[in-house]
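A short write-up of the structure that comes next.
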């Protein structure tokens with residue numbers, strides 16, 4: 001196992017900062033950047049990289065959601081419903097991690113990310129909001145003040161079963177690959193379930209904390225999650241997520257969608273390349 | 001802002017501050033070689049608090065939904081806790 005020296009600590013800290021900033025700006029968590037970096041650039045075993053990444057996902061989720069609590073972007077009720085699926089998924093993912101061939105999973109992940117990237121681009125100009133502030137958001141919907149349009153927007157949640165399935169898959173992938181799972185949930189909630197991107201990202205950011213905990217606890221019990229390596233990553237991600245939320249507030253939704261689509265495509269290619277080795 | 005959202009915000013904030021502080025102090029001590037054993041304890045504590053924070057958020061949600069007598073959400077949040085408990089069991093199997 002890699003002994004920690006100041007240089008390695010600084011590298012992990014720096015990687016965490018960048019991953020955290022990008023992750024928060026996109027509502028993805030940051031693990032999607034950190035895991036490839038730790039495994040490909042630093043040569044960490046995948047299990048160790050996934051475990052470190054999960055701990056940063058938890059830290060990001062807690063820090064970001066603490067700041068956002070109260071501004072109505074987080075749909076608490078929907079989050080609680082979908083967490084049933086994400087935590088069940090992460091529990092199952094953590095257990096099955098030993099039995100499933102990693103290459104098969106990487107390919108599946110590549111296919112899913114690519115598909116979602118196309119869906120995102122196809123719906124780039126669509127807005128899932130009801131302009132009438134008095135409209136009924138339904139039992140699981142929500143409303144929040146949107147700075148861009150300067151008004152209160154309302155949305156309803158459609159296709160809940162689809163959201164549950166996506167959440168289960170997201171939880172599963174979270175445990176197996178060490179990511180938050182927002183990369184699967186956010187596009188699905190936005191493209192098919194009627195949620196505005198910001199609300200979907202904020203709700204997902206809250207959920208990934210509990211989801212990642214389900215996976216991280218399993219790695220911790222098996223000795224794959226070492227605090228000495230997790231600490232610099234977590235601190236870096238905290239710094240990055242702090243600056244990333246400012247980035248997100250000052251970037252338009254359209255650009256966020258485009259950036260997310262490009263990013264998903266890059267991740268897909270990386271996953272295919274890794275599975276082919 | 002409703003009470004649950006406020007409580008969740010403060011739970012997450014305290015957990016984040018506590019774990020990050022422990023990580024920062026522990027990491028500096030470990031890297032400078034100052035009292036290694038204590039550094040290890042601080043880092044371990046930071047990690048455990050980090051892992052416990054989202055779980056605590058779910059626990060306070062259960063309590064709040066019980067107070068509101070919103071039984072659907074009591075069951076939902078308890079199910080989430082059950083799944084987390086399952087992870088703890090799976091961790092030591």
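Anything in region A:37-59 that is in contact with a helix residue (DSSP H, G or I) (Cβ under 6 Å, 6 or more places away or on another chain), assigned to a helix (DSSP H, G or I) and modelled with pLDDT under 85? List them, or say none.
Those that are in contact with a helix residue (DSSP H, G or I) (Cβ under 6 Å, 6 or more places away or on another chain), assigned to a helix (DSSP H, G or I) and modelled with pLDDT under 85: A:37, A:39, A:46.
Going residue by residue through region B:19-28, is there one that turns out to be under 30 Å from residue A:167 (Cα atoms) and touching a helix residue (DSSP H, G or I) at 6+ places or on another chain (Cβ under 7 Å)?
yes
Quick one: how many residues across region A:82-104 are under 16 Å from residue A:185 (Cα atoms) and surrounded by fewer than 24 Cβ atoms within 10 Å (Cβ to Cβ)?
Residues flagged as under 16 Å from residue A:185 (Cα atoms) and surrounded by fewer than 24 Cβ atoms within 10 Å (Cβ to Cβ) within region A:82-104 amount to 2.
So is residue B:23 under 22 Å from residue A:209 (Cβ atoms), over 17 Å from the mean Cα position of the chain (by Cα) and at the interface with another protein chain (Cβ under 7 Å from one of its Cβ atoms) or not?
Spelling it out, it is not the case that residue B:23 is under 22 Å from residue A:209 (Cβ atoms), over 17 Å from the mean Cα position of the chain (by Cα) and at the interface with another protein chain (Cβ under 7 Å from one of its Cβ atoms).
Does residue B:10 count as without any contact (Cβ under 8 Å) to a residue 12 or more places away in the chain, closer than 18 Å to residue A:207 by Cα, more than 7 Å from chain A (Cβ to nearest Cβ) and in a helix (DSSP H, G or I)?
Here the answer is yes, as residue B:10 does meet what is asked.
Within 29 Å of residue A:143 (Cα to Cα), touching a residue at least 40 places away in the same chain (Cβ under 8 Å) and surrounded by fewer than 24 Cβ atoms within 10 Å (Cβ to Cβ), is that true of residue A:257?
Spelling it out, residue A:257 is indeed within 29 Å of residue A:143 (Cα to Cα), touching a residue at least 40 places away in the same chain (Cβ under 8 Å) and surrounded by fewer than 24 Cβ atoms within 10 Å (Cβ to Cβ).
Starting from residues that are in contact (Cβ under 8 Å) with a residue 12 or more places away in the chain and within 9 Å of chain B (Cβ to nearest Cβ), keep the ones in region A:66-81 and report whichever is surrounded by the fewest Cβ atoms within 10 Å (Cβ to Cβ).
A:71
For region A:138-239, which helices (runs of 4 or more DSSP H) that fit wholly inside it have 2 or more residues that are touching a strand residue (DSSP E or B) at 6+ places or on another chain (Cβ under 6 Å)?
Counting at least 2 such residues, we get no helices (runs of 4 or more DSSP H) at all.
Would you check if residue A:63 is away from every other protein chain (no Cβ under 14 Å), part of a helix (DSSP H, G or I) and at pLDDT 80 or above?
no
Across region B:27-51, which residue is farthest from the chain's Cα centre (by Cα) among those that are surrounded by 17 or more Cβ atoms within 10 Å (Cβ to Cβ) and either touching a residue at least 40 places away in the same chain (Cβ under 8 Å) or closer than 23 Å to residue A:218 by Cβ (or both)?
Filtering region B:27-51 for residues that are surrounded by 17 or more Cβ atoms within 10 Å (Cβ to Cβ) and either touching a residue at least 40 places away in the same chain (Cβ under 8 Å) or closer than 23 Å to residue A:218 by Cβ (or both), the one farthest from the chain's Cα centre (by Cα) comes out as B:43.
The values are calculated or read from the model by the stated rules, or taken from the named source; none is laboratory data. Remember, predicted model here, so these are calculated numbers, not experimental data. Here the Cβ is made from the backbone with ideal geometry for all residues, glycine too, and neighbour counts use every protein chain on show.
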